[in-house]
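Have a look at the structure below, then the notes.
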Amino acid sequence: MPRRNSTKKIPGSVWILGVVSFFNDIASEMLYPLLPIFITQVLGAPVAILGLIDGVAEGAAAGFKVLFGHWSDRLGRRRPFVFYGYLASAASKVVVAMSTTWGLIFVGRLLDKFGKGVRTGARDALLLSASNSKNRGLVFGVQQSLDSAGAVAGPLLALVLLHSFGNDIRTVLYIAFIPSVIAVLVVSFVREALTKIAPAAKSGETRKPVAETGTAIESAVATPRLTLRSLPRELRIFLFASGLFALGNSSDSFLILRAKGVGLSISLVILAYVLYNVVYSVASTPAGILADRLGPKRVYIVGMVIYVIVYLGFAINRSAMGVWVLFAIYGLYIALTDSVSRALVGSFITDQNEAAGIYGLLQTVISAGLVLASIIGGVLWSTVGAWATFSFASGCAIAALLLFLSTSVRRPPATEHS
């Protein structure tokens, strides 16, 4: 199909969900670069607490995704989960803005991640139901592009508001509630069109669709319980390497604090964070194309090497100019590893009936590492110094890279799913 007609292949519901993501990400990214400074300098909490908040919140998100995604499948409903998920995240903005202690910040961050866990699986299922085998990548790409655009607009809006309100961070936190409410309201325009699933069958029975609209969904059949022993050796090694990598991959909040520590003002810290998101957004699509051509493993390895370079750079860097360079390169790292890692895991999967379980296992392993990473990173920062946090992260990444290089990726025969 000619390029000029490509947008005709995208249903209206995809654009609506993209707009929802855009406004929600504006709100979230208005807060994110300000919270480390707000927690440590306005509320006076130690850096170790910052690591605890981010680590536990991020770790809880993956568990919520598994729980509510499974619940959505059992009920055969999507939009209620999307609506209440975004509503919970909107409410979290008020909790954070009202916080006078780090404990309330912790509650707000958990509420935000709870909302993300409620909506993510159902939202992606809605996107899937609006796609087919010929436009699936385009559908998810459009939604992700709008989401990333919000990640760029949010920090820029926060910067403008900081200048307008005399660097009053709390006022900016309150204003972030507005775009999150807009996101919730726009969800009401989403029209749910998916297969209604009968109540969950007993173990060993087949569960069949009751009525069907949108893409075809095969009957769900109870599958054997997934265990590590049942997985291919190469996949087990990759999962272990991913957990080891995540163990050092502490919260980006430490990068923001590091930028502030070498002399950047709050405004310049936000702009450096914007630069990271711009590079991430621009480079993600070319990274995916490159992974299709060269193989996801090669691209992922390059991303890991870049990560090591960036974190070693943050460990030894003392100049403001170095921060700008490192943030830009860091955006390239995430573009080369984020979606590419999911494609890479797909290279190991030969039975599509096990795909959801394997991806869930991957997220569980990574989340466990992330929880420990932020806690360890905060303790190292407080007791040894900032350089120790970044050096530990680099060491974990190097060890994971060496382990990962011992795996071999098999390419199973391609199958077509409509």
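A few remarks follow.
- Filtered residue count, the stretch 24-70, keeping only those that are part of a helix (DSSP H, G or I) and at pLDDT 80 or above: 18
- Gly103 vs. criteria in contact (Cβ under 8 Å) with a residue 40 or more places away in the chain and in the same structural domain as Phe38 (by TED's automatic domain parsing): no
- Only one of the numbered conditions (1) crowded, with 22+ Cβ neighbours inside 10 Å; (2) in contact (Cβ under 8 Å) with a residue 40 or more places away in the chain is not met by Ser92, and that is (2).
- Scan the stretch 71-90 for residues that are farther than 12 Å from Ala183 by Cβ, assigned to a helix (DSSP H, G or I) and under 22 Å from the mean Cα position of the chain (by Cα) and the total you get is 7.
- When restricted to residues that are buried (at least 21 other Cβ atoms within 10 Å of the Cβ), farther than 21 Å from Gly303 by Cα and touching a Phe, Trp or Tyr at 6+ places or on another chain (Cβ under 9 Å), the stretch 230-289 contains 3.
- Output for the stretch 238-273, where each listed residue is modelled with pLDDT under 85 and more than 28 Å from Ala328 (Cβ to Cβ): Phe238, Leu239
The values are calculated or read from the model by the stated rules, or taken from the named source; none is laboratory data. Since the structure is predicted, the reported quantities are computational estimates derived from the model, not experimental observations. When we count neighbours, we look across all protein chains shown, and the Cβ atoms used for this are built from the backbone with ideal geometry, even at glycine.
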